[in-house]
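Encoded as C-alpha cells, the structure appears first; notes follow it.
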Amino acid sequence: MATPLAPEAPVAGPTAAEAVPRPDDAPATLLLRAAGQVVDGLVAFAVFFLVGMRVAARYGGLTGGGFQLEGGPAFLTIGLVGLVLLAYFALGEALVGATLGKVAAGIRVRRQEGGRLSLARAVIRNVLRLVDGLALYLVGMVVIMVTPGRQRLGDLAARAVVVRRPTPRAVQVLAVIAALALAVGSVVLSARTGGGEGPRAQAPGRFVAAARVSGPEAGA
C-alpha cells in the first residue's frame with residue numbers, strides 16, 4: 001500500500017496581493033507623473049525655505065522675511081535639503097509606494113515583479129533624480145517616452161515602475177491640501193520665528209545654484 005505523501009512545507013515569500021500586479025496597474029502617463037511632481041515641488045519648497053531660514057538665522061543671511069546665503073552656509077543648505085528630500089521620497093515609496101504628489105496624481109511606485117520597493121531600491125531610484133532631473137527633467141522625460149514601461153533612469157536602475165492606481169478623489173484633494181499647507185506654513189512659520197533672529201544680509205539675494213541660495217520674501 002502506497003504511503004501518502006506529506007504536504008509540502010509552505011515557502012516564505014510575498015503574498016499573492018504583493019506578487020501579482022493588479023489588473024489596473026497600467027504604467028502612469030507622463031502627464032500624471034508631472035502632476036505628482038508639481039505637488040511634491042510644494043513639499044520641496046517647504047523644506048528648502050525652512051532649512052534656509054534656519055541656516056540663515058544661525059550663520060547670518062536673513063533679509064527681512066527671506067534669506068541670502070553664500071559659500072559654506074549655501075552648500076550646507078543644499079546638502080541638508082537634499083538629504084531631507086531623499087528621505088521623504090525614499091521612505092514614502094518604500095513604506096506606502098507613494099509621496100503626497102503621487103497620491104494626489106493617483107499613481108504609485110512598485111517593483112517590476114510586483115509589491116512595494118525595498119528601501120535600498122527606493123534610495124537608488126531617487127538618487128538618480130540628479131541625472132533624470134537635468135535640464136528641468138528633460139532627461140527623465142525623454143527616457144520615459146522611449147521605454148515600454150514609461151520608466152526613467154531611476155526606475156530602470158531600481159527595477160521599478162510607476163503605475164496608475166485608482167484613488168478616492170477626497171484622498172487626492174487632501175494630499176494637495178497637505179502639500180499646500182506645508183508650503184504656506186513654512187513661510188508663515190519662518191516669518192514669525194526667524195524674522196528677527198541672526199545677522200541680516202544687506203540686500204535681498206538671487207538664487208545661484210551651488211554658490212548662493214536665497215529664499216523669497218515672506219510677503220511675496
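Summary of computed values
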item: Leu80 closer than 19 Å to Ser190 by Cβ and free of Cβ contacts under 8 Å to residues at least 60 places away in the same chain; result: yes
item: Residues of the stretch 49-80 satisfying the condition of being within 24 Å of Leu180 (Cβ to Cβ), surrounded by 20 or more Cβ atoms within 10 Å (Cβ to Cβ) and out of contact with any strand residue (DSSP E or B) (no Cβ under 7 Å at 6 or more places or on another chain); result: Leu50, Val51
item: Spans of helices (runs of 4 or more DSSP H) in the stretch 101-220 with at least 3 residues at pLDDT below 95, buried (at least 16 other Cβ atoms within 10 Å of the Cβ) and in contact with a helix residue (DSSP H, G or I) (Cβ under 8 Å, 6 or more places away or on another chain); result: 169-193
item: First in the stretch 44-71 and farther than 30 Å from Thr99 by Cα, second anywhere and in a loop (DSSP other than H, G, I, E, B) and polar (S, T, N, Q), Cβ under 9 Å, 6 or more apart; result: Thr63/Gln202
item: Among (1) at pLDDT below 95; (2) assigned to a loop (DSSP other than H, G, I, E, B); (3) of a type in the set (Gly, Ala, Ser), the one test that Ala17 misses; result: (2)
item: Residue match in the stretch 77-92 (condition: more than 27 Å from Arg58 (Cβ to Cβ), in contact with a Leu (Cβ under 9 Å, 6 or more places away or on another chain), modelled with pLDDT of 95 or more and not in a helix (DSSP H, G or I)); result: no
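The values are calculated or read from the model by the stated rules, or taken from the named source; none is laboratory data. What you see is a predicted model, and the numbers here were worked out from it, not measured in a lab. Note: ideal-geometry Cβ built from the backbone for every residue, glycine included; neighbour counts use all protein chains shown.
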